[in-house]
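Visitor: Quick one: this structure, given as C-alpha cells, is what I'll be asking you about.
The values are calculated or read from the model by the stated rules, or taken from the named source; none is laboratory data. Because the structure is a prediction, the values reported are computed rather than measured. A quick note on method: Cβ atoms are made from the backbone with ideal geometry, for glycine too, and the neighbour counts reach across all protein chains shown. When the accessible area is computed, the model is the full protein with side chains, heavy atoms only, and any ligands, DNA or RNA have been set aside. Shrake-Rupley method; radii C 1.70, N 1.55, O 1.52, S 1.80 Å.
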Amino acid sequence: MQPKEYQQLVQENLPPRPIVKNMLWAFFVGGLICALGQVVLTIAQSFERTKNEAAAVTLAAMILLGTILTALGVYDEIAEKAGAGVAVPITGFANTVTSAAIDFRREGFLLGMGAKMFVIAGPVIVYGILSGFIVALIKSLVLGLF
Amino acid sequence: MSKRIGQRTLTFSRAPRITSSYTLVGPREGKGPHALDFDEILPDDTLGQKTAEKTERLMLELAITKTLEQHDTAIEDVQFLIAGDLLNQITTSCLAASTYPVPFLGIYGACSTFAQALGLGAVLLEGDFAQQVLIGTASHYQTAERQFRYPIELNVQHLQTNHVTVTGAAAAILSFADRGPRITHATFGQVVDMGLKDPHDMGSAMAPAAFHTIKAHLADTGRSLQDYDLVLTGDLGKQGRKMLRLLLEREGFEGLERLQDGGSQIFGDWQPGGAGGSGAACVAVMTLGYVLNRLNSAKARRALIVATGALLSALTVLQGESIPCIAHAIALEQ
C-alpha cells in the first residue's frame, strides 16, 4: 500500500472529535473563571483607587489561583474536560509557567527551573509583544502620529 | 544448516527459554484489568525518589534483582545484560547497568525494545555465546511525558488517539534451563514509514510496521494467524489496533480473533487512558505477565509477540519529519 493511500485510510478511520461537547465544557468552565475574575474585580474596586489598580489586583489573584491549582495537581485534570476554557484565561498562563517550573526544578534552580520556566509560555510573551507592537504601529500610522 | 528461514525469520532449534522473569507496574496499571498478571504493583509512582528518572532506574534495578533472585542466579553467572528504555541516550538502562558487573548491550527500539532484547538474547544463546542472558526494559509516565510531550501539570486536553506511557519495568533471564516457554522464532522488522506526522496518533503510524512484520513472519514460517493461540501486538492502542485489522482484512488474512493488543488492554475502559498504554515497559509487562501466565497455565500453547515502536523524537516532530516505525515478532511456545 502506498503512503498516500494509507494516509487516506487513516483519515477515514480516525475517531470523531467531540467538538460540541468540548466547546460546551470550554464555554462554561471558561465563563466560570471569568465570572470569578469579575467578582474579584468588583471586590478590588471597593478598596483600590483606580480601575487599573483594581485590574492589577484581579490579575494577580487569578494568577495565584492558577498557580495553586497547578501545584495541587488539579489544573491539568480540569483541562482534560475543559480544554481551551482553562487554557485561554490568565489562570492558564499561570499554569504553563508553574507546570514548567515544577518539571524543570529537578534539573536545579538555575539551568533547570530558571532557564526552562517559560518553555511553554515564552511564545505567548514573544508574539504578544510583537503583535502589540504591530497594532500600535498601525494605530500610529492611521492616526497620523508620525 | 541455516538458522534463518524465508527472508528474515530466525529459528532457534536449541530452544532458549524465558526461564524466569519479574514484572512491576505503577498504581494506575495496578488498577487495570491485568493487575493479577503482574508480580508487583507499586504503591506509588515515586518509590521515594526525588525524580521520576531516578524512579525509572530503580524500577529497572528492582526488576533485574528480583529476576536474579527468582532464578537463584548470581549476576556473575550471567554473560550479557541487554536493556533499553525511552529516555535520551537510554540513560535509565545505562545507569542501572552501571551497578552490574556484566557486559552490557544498550538498545533502543522505543516501545519495541523488549522484543528486540528478547530476540537478541535468544540469538546469543543459540549461537552458544552465552548460557544465561538477562534482559530488561523500563518506562515511566512522567519521564516520557516530559521528554516527548509537555510538562506533567500542563493544561492539555488529550485526544482519543493519545497514548499513556506505562509506568513499570520488567526483566527476564533467558537460558537453557528446563522451564518456561521456548523462544522458537524471531522476525526482526524493518523500519516502515507511511509518512504520518501526528505524534498524537502513534497507533496509526505503527500499524503498518506491525502489519509488515506479521506478514513477513507468516510468509517465512508458512504459518497462519490461527497457528497461534494468541498474537499480542505491543502497544498499537485502540486506533492502531483498528488500522492493523483493516490492513490485514484488506489482504485477506484470517484468524483476526487471535489478535490482542497490550496497549489497548493494559488499562480498563473505566480508566482515562486515551488510545491505551505505550512505553518500553508496556509490551514487556504484558508479555512477561499476561502472555507467560497464559502459556505457563496451558491456556495458550503458542503465542506471537509483535512489539511495535514509533521511532520519533521531540525534535524530529517539531522539524516536520514523519514517524518511522518498527515492529519485531517473537514466537513463544509452551
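Visitor: Determine by what factor the alpha-carbon radius of gyration of the protein assembly as shown differs from 2.2 N^0.38 Å, reporting the quotient.
Guide: Normalised Cα radius of gyration, the protein assembly as shown: 1.11.
Visitor: Next question. What whole number of Å gives the distance from the Cα centroid of the stretch B:4-54 to the Cα centroid of the stretch B:85-123?
Guide: 13 Å
Visitor: Using Cα positions and a limit of under 15 Å, work out the aspartates and glutamates in reach of A:LYS81, with same-chain residues fewer than 8 apart set aside.
Guide: Partners found: B:GLU153.
Visitor: With both bridge residues required to lie in chain B, what share of the DSSP beta bridges run antiparallel, to the nearest 5%?
Guide: 65 percent
Visitor: Mind scanning B:LYS31/B:LYS54; B:LYS197/B:LYS238; B:LYS31/B:LYS299 and naming the pairs with a C-alpha gap bigger than 20 Å?
Guide: Over 20 Å apart, Cα to Cα: B:LYS31/B:LYS54; B:LYS31/B:LYS299.
Visitor: Amide H to amide H under 5 Å from B:ILE82: which residues, 5+ apart in sequence or cross-chain, H placed 1.01 Å off N in plane?
Guide: Counting only residues 5 or more places away or on other chains, the set is B:LEU105, B:LEU134, B:ILE135, B:GLY136.
Visitor: Here's a follow-up. Give me the accessible area of A:ASP76, 1.4 Å probe, in Å² rounded to the nearest 10.
Guide: The value for A:ASP76 is about 30 Å².
Visitor: Excluding same-chain residues fewer than 8 positions from A:LYS139, which lysines have a Cα within less than 29 Å of its Cα?
Guide: A:LYS51
Visitor: OK, next. To the nearest 0.05, how large is the calculated FRET efficiency for A:ALA55 and A:GLU80 if R₀ is 45 Å and r is the Cβ-Cβ distance?
Guide: Plugging the Cβ-Cβ distance into 1/(1 + (r/R0)^6) gives 0.90.
Visitor: How high is the FRET efficiency between B:GLN7 and B:PHE129 when r is their beta carbon distance and R₀ equals 25 Å, given to the nearest 0.05?
Guide: Working from the Cβ atoms, E equals 0.55.
Visitor: Once fully extended, how much extra length lies between B:THR46 and B:SER313, figured as 0.36 nm per residue of separation less the alpha-carbon to alpha-carbon distance?
Guide: 93.6 nm
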